[in-house]
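Worksheet: the structure to be examined is printed underneath.
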Amino acid sequence: MSKTYTVEIHHQGGKYTIQVPEEQTVLDAAQASGLSLPNSCNAGICTTCAAQITEGTVEQSDAMGVSAELREQGYALLCVAYPRSDLKVETEKEDTVYQLQFGQFQKKT
C-alpha cells in the first residue's frame, strides 16, 4: 500500500496544502488539485518548476536540471520530485537555481 504525504506549498504569497501519494510527482498532484505552478518540459531537464524543499525529502533521480550540490541544498524540480516525507516547498526558484548553477559561466560586463 502506498503512502500519502502532506505537502505545504508556498506559492506567490499563498500557502496551499495538498496530499501527494508517493508514486505521484508534487507537480502532478498540485495541478490535479487546481494549483497552477510554473512548468515547461516536465522531464526534469529545464528549471522552470524549480522549488526549494525547506522541510522533508523527495526522490528526484530524473532531475537532470539540478546538480547534486543544489539537491543537497534542498532544491528540487517538482515535475520529477516524488515525496518521501511530509514536505514544505517554496516555488518559483528557477532564477535562483539558474544563477547558482550557471551564473559563474556568464560574462560580467
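The values are calculated or read from the model by the stated rules, or taken from the named source; none is laboratory data. All values derive from a computational prediction rather than experimental measurement. With ideal geometry, Cβ positions are generated from the backbone for all residues, glycine too; neighbour counts draw on all protein chains shown.
For the range 39-77, give me each residue that is surrounded by fewer than 20 Cβ atoms within 10 Å (Cβ to Cβ) and at positive phi. If the condition is that a residue be surrounded by fewer than 20 Cβ atoms within 10 Å (Cβ to Cβ) and at positive phi, then ASN42, GLY56, GLY74 are the ones that fit.
The conditions of being closer than 15 Å to ASP28 by Cα and in contact with a Ser or Thr (Cβ under 7 Å, 6 or more places away or on another chain) are not met by VAL97.
Of the residues making up the range 1-54, those that are modelled with pLDDT of 95 or more, over 25 Å from GLN101 (Cα atoms) and assigned to a loop (DSSP other than H, G, I, E, B) are LYS3, GLY13, GLU22, GLU23, GLN24, SER33, GLY34, LEU35, SER36. Scan the range 76-101 for residues that are under 17 Å from ALA43 (Cβ atoms) and assigned to a strand (DSSP E or B) and jot them down. Matches in the range 76-101: ALA76, LEU77, TYR82. Considering only residues in the range 9-38 that are within 12 Å of VAL80 (Cα to Cα) and over 10 Å from the mean Cα position of the chain (by Cα), the one that is surrounded by the fewest Cβ atoms within 10 Å (Cβ to Cβ) turns out to be GLU23.
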